[in-house]
Amino acid sequence: MSDELYLVDGSAFIYRAFHAVGPLSNRDGLPTNAVFGFASMLRRLLKERQPTYLAVAFDSRGPGFRHELYRAYKANRPAMPDELACQIPYIKELVQALGLVSFEQPGVEADDLIASAVSRLDAAEHPIVIVSGDKDLLQLVNDRVTLWDPMSDKVMDRAAVAAKYQVEPELLLQSFALIGDSSDNVPGVPGVGPKTAGTLIRQYGSLEALYDQVDGLKQSKMKQNLLEHREQAFLSRDLIRLKHDCAVPPTIDGYRLGSSDQERLKGLYADLGFASLLKELDTARPLAGDDFHLVTSEHQLAELASILHQAEVLAIDTETTSLDSRTAGLVGISLCCGLPSCWYIPVGHRDRDGQPLSGQVSLEALRTMLQPVLQSKKLPKIGHNLKYDYTVLACALGVELKGPLIDTMIAAYLTEPARRSLKLDDLCREIDLKLTSYGEVTGGDKRQDAFAYVEPASACHYSCEDVYGTLALWEHLQPRLEEKDMGGLFHEIEMPLMPILAKMEMTGIKVDPARLEALAEEFREKLASLEQQIYQAAGHPFNINSPQQLGTVLFEELGLPHGKKTKTGYSTDGAVLEKLAVGHELPALIIEYRNLAKLLSTYVDKLKHLIHGDTGRVHTSFNQTVTATGRLSSSNPNLQNIPVRGEEGGRIREAFVAEAGKVFLFADYSQIDLRVLAHYSQDTALLKAFRQGEDIHTRTAAEIFGVSPLLITPEMRRVAKSINFGIVYGMSSFGLSNQLQISRAEAKKFIDRYFQLYAGVQRFMQEIVEQARRDGYVSTLLNRRRYLPEIKAADKVRREFAERAAINTPIQGTAADIIKLAMLRVNELLRDRDSQCRMLLQIHDELVFEVDESFCAAIKGDIRTCMEQALSLDVPLVVNMGEGRSLAK
DNA sequence: TGCGCCTCGTAC
DNA sequence: GACGTACGAGGCGCAT
């Protein structure tokens, strides 16, 4: 950061930019070359000089005091062309958006404003750089004031002025008065150029002194010119003399750079079509990194440890050999217990041949020295995606991170779950921190363990930046969480949940590879046979997996009636095929083929590859920052969508088996969504149904069909069940008619009847949409938020989508809150009973445990109680339990 | 070859 | 266009 004040001659640069940059215009045909040139100049200035103080001065429009002195002043200048004039407002907008101080005053030029600023601040002896190419401003140069022309990158200081004009800058005005300035139509004295003027002024010191003694000059053409143009010389001096008494900020603080308005800049650049500048907006200020320390010895590590013992907070980032935290090797760890000091401890860096580098710390020393700090229950630990580091430290170092845990990724997610990126560098960019990218530090090395080959010094810089950014981010996010009253949700639920999820992931679930293999073989055989039958029925081979080709076969070649269409062609989804199956053999074959192909590729084959060699278990990731509603998600593999319906689905579940001597214990909430709906809506009928422990679908059927629950047929119950589900999702009569294959009129009758009986539900739906419109967001019982900006969209499709989300999110999200609470409670219950009972999976409304056969009966009731008592609603929460040796139950 | 989007299908 | 939340496979078009 430079301490100098930069005074930019804005008007001069506008002209120079206009002429220097070739023709350029935006999509609307607006000329943009001057704005672009101006923006580029400022960009370079800001980037290269990183000024703390900067102001831009502009000429005033219309004639000024110099015109009053001399009508011909600048008379030789053509008027500003329209193509330039129309760009001026954009340049001023740019300067404002950049957060720069700017001045403009009636009747005076930019030079005068700069001179006034110099005069004011020169007294304070503040160093000043005038940014201009205009020689008139050289008058202002002195020991602390220089002139810099960024175009030519020339700096004019006192010495340079003296060399060029043979006089000190203080005398330049006198000299210039004689020389004149043809570009401004300032006359001067004919025949007098820089050399002559320099000589004269050096000798006499001023115009007055010169003319006092002009008689003494020997007779010459020059003397004659001086005498003849005496008035002109004095007038020229008045024209060139800069005004020093304009109103400008009196102290340096008035010139301090404000913060730029990124949104405004984005809008401006977008309007002007400045793609390159737009792109660059994303590159914020890089970190200086002068307080980043590489720990190269155990002695230094000991010193660091003693500092950390005093710490009140600790940000952590681990660098590893793999994205898989369970198996990753530790390469280094960076720590920060308060900005800006950060440390990097290298432990696993290797040379090109894979040999360990010297100047590192051993894993053992790291563990010994840091364990007390890492396991301190008092010291808060901050990380970005801390579950990753938690797992690495547990698996690679054998240390369980303790203390209040703080994950900035989760914090950012809670404040705005719909964010498109939760990556550390993207979030840091929003607080104006530019972090080095992983690709930059590894030099594009694509190996999984590329980081191990990074020089410790570069690794130190990179890793310290991350940990610095993480702490800075937390300082930014913490108040935002509090503002939204989400501190409780964050500290009491999400963060304590994180290590529970980490342990579930580390534990994994056993999968029997032999069963999978047998299944794979069977499926492959069936698929091969189906494939032949399909080709036969179609008349020729084609790619069955391509909906496009399938559409051609079904609807063009075979001429079957096509139903709905997708954006890209005919729909061939299950519902369509189902209808076609009555009239032709092919659709039925496709349905069966699709079913098996899906199971084989997504589950059987995929799972086989994910079984971990030494444990025979698969380890999913439970993602805590993905969904819009607060649910968890599961990936690699997704264990939340293992098939459960259908015969083959059950066969896949059979491949998930409990360890010898153990059984799976299943605990799932009964109708949690509808119970939450009852609580939210306070609907009398719904509350009553749940309080009396009735079968809700049968009850609903009885209501809408107007018969005794005893007379409800399975078909009637199915209809009621569809409605109950549909309600939670904001389904329309169209959707219901589709779902049940009934007419829209019939579907509408059912829905109307439903709302008659459950009027409170309808009121809730209206109110929650209203609330979303008013607040811009909806909340769950535990204060989780989802913003729904599109609830005000003019586009009906978008708006209605947001309305359905407004209805569904409090329900789905509250159910997610409840099961998270339950997981915390159950975790307490099972504390220190790891060997007897471990939580393995969460599937939205269900928890799966692996329990000692002998312990199952004893713990079952307690788990049920934990879950049922997780949160007190106005209806009871009911949990169904089951046991089995496999997930097939 | 790699990426993003589309369609489809699985779960709750 | 029409039912909310996810993950992921395979196809396909496009940029590299």
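The values are calculated or read from the model by the stated rules, or taken from the named source; none is laboratory data. Because the structure is predicted, anything quoted here is derived from the model rather than measured. For neighbour counting, all protein chains shown are included, and Cβ atoms are generated from backbone atoms with ideal geometry for every residue, glycine included. Protein only, heavy atoms only, side chains kept; ligands, DNA and RNA dropped before computing areas. Shrake-Rupley method; radii C 1.70, N 1.55, O 1.52, S 1.80 Å.
Just need a number here: residues in the stretch A:604-631 that are of a type outside the set (D, E, K, R) and within 11 Å of DNA strand B (Cβ to nearest atom).
Final tally of qualifying residues: 2.
Have a look at A:794, A:870 and point out the one that is without any contact (Cβ under 8 Å) to a residue 60 or more places away in the chain, under 30 Å from residue A:419 (Cβ atoms) and not assigned by TED's automatic domain parsing to the domain that holds residue A:685.
Every option except A:870 fails the conditions.
Restricted to the stretch A:579-620, and to residues that are more than 20 Å from residue A:526 (Cβ to Cβ) and open to solvent by less than 40 Å² (accessible area, probe 1.4 Å), which residue is nearest to DNA strand C (Cβ to nearest atom)?
Looking at residues that are more than 20 Å from residue A:526 (Cβ to Cβ) and open to solvent by less than 40 Å² (accessible area, probe 1.4 Å), I get A:620.
Within the stretch A:624-641, take every residue that is over 26 Å from residue A:491 (Cα atoms) and near DNA strand C (Cβ under 6 Å from one of its atoms) and give me the one that is least open to solvent (accessible area, probe 1.4 Å).
The extreme case among them is A:637.
Check off (1) modelled with pLDDT of 80 or more; (2) in a helix (DSSP H, G or I); (3) surrounded by 17 or more Cβ atoms within 10 Å (Cβ to Cβ) for residue A:161 and give me the number that stays unchecked.
Going through the list (1) modelled with pLDDT of 80 or more; (2) in a helix (DSSP H, G or I); (3) surrounded by 17 or more Cβ atoms within 10 Å (Cβ to Cβ), residue A:161 breaks only (1).
If a residue has to be in a loop (DSSP other than H, G, I, E, B), surrounded by fewer than 18 Cβ atoms within 10 Å (Cβ to Cβ) and modelled with pLDDT of 80 or more to count, how many in the stretch A:253-295 make the cut?
1
Just for the stretch A:539-561: of the residues that are open to solvent by less than 60 Å² (accessible area, probe 1.4 Å) and free of Cβ contacts under 8 Å to residues at least 24 places away in the same chain, which one is farthest from DNA strand C (Cβ to nearest atom)?
Among those that are open to solvent by less than 60 Å² (accessible area, probe 1.4 Å) and free of Cβ contacts under 8 Å to residues at least 24 places away in the same chain, it is A:559.
For the stretch A:166-223, which positions are assigned to a loop (DSSP other than H, G, I, E, B) and either small (Gly, Ala, Ser) or in contact with a Cys (Cβ under 6 Å, 6 or more places away or on another chain) (or both)?
Selection gives A:180, A:188, A:191, A:193, A:205, A:206, A:220.
Please give the helices (runs of 4 or more DSSP H) falling wholly within the stretch A:62-119 in which 1 or more residues are within 47 Å of the chain's Cα centre (by Cα).
Details: elements: A:65-69, A:82-85, A:88-97.
In the stretch A:62-119, A:82-85, A:88-97 are the helices (runs of 4 or more DSSP H) which contain 1 or more residues that are within 47 Å of the chain's Cα centre (by Cα).
Could you pull out the residue among A:800, A:770 that is acidic (Asp, Glu), near DNA strand C (Cβ under 10 Å from one of its atoms) and without any contact (Cβ under 8 Å) to a residue 24 or more places away in the chain?
Working: A:770 fails: near DNA strand C (Cβ under 10 Å from one of its atoms).
The match here is A:800.
Could you list, in sequence order, the residues of the stretch A:675-690 that are within 38 Å of the chain's Cα centre (by Cα) and within 14 Å of residue A:727 (Cβ to Cβ)?
Once the filter is applied, which keeps residues that are within 38 Å of the chain's Cα centre (by Cα) and within 14 Å of residue A:727 (Cβ to Cβ), the stretch A:675-690 yields A:675, A:676, A:677, A:678, A:680, A:681.
Quick one: which of A:860, A:820 is out of contact with any Asp or Glu (no Cβ under 7 Å at 6 or more places or on another chain) and either open to solvent by 50 Å² or more (accessible area, probe 1.4 Å) or within 13 Å of DNA strand B (Cβ to nearest atom) (or both)?
A:860
Are there any pairs with C-beta distances below 6 angstrom linking a residue in the stretch A:635-647 that is under 17 Å from residue A:504 (Cβ atoms) and aliphatic (A, V, I, L, M) to a residue that is open to solvent by less than 60 Å² (accessible area, probe 1.4 Å) and near DNA strand C (Cβ under 9 Å from one of its atoms), with the two at least 6 apart or on different chains, and if so which?
A:639/A:620
When the residues of the stretch A:581-603 are narrowed to those that are more than 12 Å from DNA strand B (Cβ to nearest atom) and touching a residue at least 24 places away in the same chain (Cβ under 8 Å), which ends up farthest from residue A:516 (Cα to Cα)?
Going through the qualifying residues, I end up with A:584.
Name the helices (runs of 4 or more DSSP H) wholly inside the stretch A:642-757 in which the number of residues that are under 25 Å from residue A:876 (Cβ atoms), open to solvent by 40 Å² or more (accessible area, probe 1.4 Å) and away from DNA strand C (no atom under 14 Å from the Cβ) is 3 or more.
Because the criterion is at least 3 residues that are under 25 Å from residue A:876 (Cβ atoms), open to solvent by 40 Å² or more (accessible area, probe 1.4 Å) and away from DNA strand C (no atom under 14 Å from the Cβ), the helices (runs of 4 or more DSSP H) in the stretch A:642-757 that meet it are A:684-691.
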